[in-house]
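The values are calculated or read from the model by the stated rules, or taken from the named source; none is laboratory data. Note that this is a predicted model, so its numbers are computed, not measured. Quick reminder, even Gly has a Cβ in these numbers, built from the backbone with ideal geometry, and neighbours come from all protein chains shown.
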Amino acid sequence: MSINKNEIYTIKITDIGTHGEGIGKINGYTLFVKNTLPEEEVKVLVLKVGKSYGYGKVIEIIKPSPYRMTPPCEAAGKCGGCTMQHISYTQQLCLKQNKVKQNIIRIGGFKDIDVLPIIGMEDPFRYRNKAQYPVTKDKNGIKIGFYSLGSHKAIECNDCLIGSSKNEEILSAIKSFMKENNIAAYDEETGKGLVRHILIREGSYTGEIMVCLVINAARFKQKKELIAKLDKINGIVSIVINFNTKKNNVIMGERCETIWGNDYITDKIGELTFKISAPSFFQVNPIQTYKLYSKVLEFANLKGSETIIDAYCGIGTISLFLAGNAKKVYGVEIIDAAIENAKENAKLNNIENAEFFAGKAENIIPTLYKEGISPDIMVMDPPRKGCDKSLLELILSMKPKKIVYVSCDSATLSRDLKILCSTDEYKIEKVQPVDMFPHTYHVETVCLLSKQNL
Ligand code: SAH
């Protein structure tokens, strides 16, 4: 039987894909169907037929899964953010736990691996401290929302249920600022229009808010008008303009200008206070971040005499979280502004045994090693693409007693674990998934490796 586009088929969903989409088969042909769940029987309209797999859209759920939920968010099903809101939270956790395990087995090539029970949230909504909204034009005017899965089609959403309830008020103020001043939203096709993105950051402990407008111009002329709209909103301590005139899909440009208030917001994780500036990375789920960092500390099992390298350190959060229990911590991070924040954060918290370096981890750490710095414990928390291969090889020659690898992508984690364990000098001791991103398909993992034959 051949599969035809625009035809309707009844299929059983048997698996779940990496983006949380259901997978079913029609006579052996694989079809990806968003918003479906394993064990469900569904009617699908075939949208796209490729050589080895295709895509379908669910038009009727004949037999629903017992784990199916009615998503509370108005944009669910369309928005590319929460692709799992139709699945009960406990089942989301099971699926993520299994995803980590399967990746380590399939990609990492490890046979039998124990994965510790995933650490979930008690209340999996309103957890994000940061929101990034693309601003686009549509026939009714300005559209502020999120991209749909795998595309740059924006879905209107002013009150994202995993974000702060404050955001709606801020977005509405910016919308009226744009209307009153005849300011156009950016158009990706033509490269015209001024406002590209709105970034809102909120310190969940301090309540301090930063609003950053990413604009398609080298100068921003309506500072006064924007400030007048925002400065009365409770919590806002920083208004920043970021300039991005490049025709690409990178959100932020290189230059920022603070037009009102501070260049940063402050927030707390545990006992520590952090300054966070617009371009710096800061974990988006503060409740889970505390649990994640506590696991890193537990796995490192510090005695006070250790030298630690924290690669991909951002604003120094993990470095400073560990410094109190170690002899010395060296943090390495590619973004200059983040390293400036890291140095200030060390001072702010009276931590004197942490030193920070700006540059690529794969360039800086070899230099540190040549200068005689060899870590007892190597901590790394790379972006989704994982670690540079040369860095992994260097780690094998530095021979730290422990490696604590924090990962936001279990596929690249598994690839890197395969390299780190290839010489049999390191063994995986613990794998701990942490749900930092409920309702999305993302899962964080902390992994402890220990040096054998010490
Ligand atoms: N450990 C930090 C940040 C983790 S996110 C925290 O928990 O907050 C990953 C960080 O790696 C980002 O700050 C990013 O800017 C940085 N980064 C990306 N590529 C890098 C590289 N090649 N070398 C060093 N840092 C890099």
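Quick notes on this one:
- Residue within segment 379-396 that is assigned to a helix (DSSP H, G or I), surrounded by fewer than 24 Cβ atoms within 10 Å (Cβ to Cβ), more than 16 Å from the ligand (Cβ to nearest atom) and touching a residue at least 24 places away in the same chain (Cβ under 8 Å) present: yes
- Filtered residues of segment 356-378 (kept if away from the ligand (no atom under 11 Å from the Cβ) and either closer than 18 Å to residue 300 by Cβ or in contact (Cβ under 8 Å) with a residue 60 or more places away in the chain (or both)): 373, 374, 375, 376, 377, 378
- Residue count for segment 311-340, restricted to those that are within 6 Å of the ligand (Cβ to nearest atom) and among the hydroxyl-bearing types (Ser, Thr, Tyr): 2
- Any hit, segment 236-259, residues being in contact (Cβ under 8 Å) with a residue 12 or more places away in the chain, of a type in the set (D, E, K, R) and under 30 Å from residue 443 (Cα atoms): no
- The requirement of being under 28 Å from residue 321 (Cα atoms) and more than 16 Å from the ligand (Cβ to nearest atom) is fulfilled somewhere in segment 192-200, by at least one residue.
- Those residues of segment 12-55 which are modelled with pLDDT of 95 or more, farther than 22 Å from residue 2 by Cα and β-branched (Val, Ile, Thr), in sequence order: 36
- Taken together, the residues in segment 25-58 that are without any contact (Cβ under 8 Å) to a residue 40 or more places away in the chain and either more than 21 Å from residue 78 (Cβ to Cβ) or polar (S, T, N, Q) (or both) amount to 14.
- Taken together, the residues in segment 125-158 that are free of Cβ contacts under 8 Å to residues at least 24 places away in the same chain and either out of contact with any strand residue (DSSP E or B) (no Cβ under 7 Å at 6 or more places or on another chain) or in a loop (DSSP other than H, G, I, E, B) (or both) amount to 5.
- Test for residue 278: is it surrounded by 20 or more Cβ atoms within 10 Å (Cβ to Cβ) and within 14 Å of the ligand (Cβ to nearest atom): yes
- Failed item, numbered, when residue 283 is tested on (1) more than 14 Å from the ligand (Cβ to nearest atom); (2) assigned to a loop (DSSP other than H, G, I, E, B); (3) under 23 Å from residue 119 (Cα atoms): (1)
- Within the option set 253, 203, 191, being modelled with pLDDT of 95 or more and either surrounded by fewer than 16 Cβ atoms within 10 Å (Cβ to Cβ) or over 30 Å from residue 118 (Cβ atoms) (or both) holds for one residue only, 253.
- Counting only residues that are buried (at least 24 other Cβ atoms within 10 Å of the Cβ) and more than 12 Å from the ligand (Cβ to nearest atom), segment 397-406 holds 1 of them.
- When residues of segment 407-432 are limited to those that are part of a strand (DSSP E or B) and within 16 Å of the ligand (Cβ to nearest atom), the one nearest to the chain's Cα centre (by Cα): 407
- Entry remark, segment 232-259: residues being under 19 Å from residue 166 (Cα atoms), outside any loop (DSSP other than H, G, I, E, B) and not small (Gly, Ala, Ser) number 4 in total.
- Residue pairs meeting the criteria (Cβ under 9 Å; at least 6 apart or on separate chains; first farther than 16 Å from residue 105 by Cβ and at pLDDT 95 or above, in segment 410-426; second small (Gly, Ala, Ser) and in a loop (DSSP other than H, G, I, E, B)): none
- Set 228, 184: member being within 18 Å of residue 134 (Cα to Cα) and either in contact with a helix residue (DSSP H, G or I) (Cβ under 9 Å, 6 or more places away or on another chain) or of a type in the set (S, T, N, Q) (or both): 184
- Some residue of segment 110-124 being in contact with an Asp or Glu (Cβ under 7 Å, 6 or more places away or on another chain), more than 30 Å from residue 428 (Cβ to Cβ), in contact (Cβ under 8 Å) with a residue 60 or more places away in the chain and not in a strand (DSSP E or B): no
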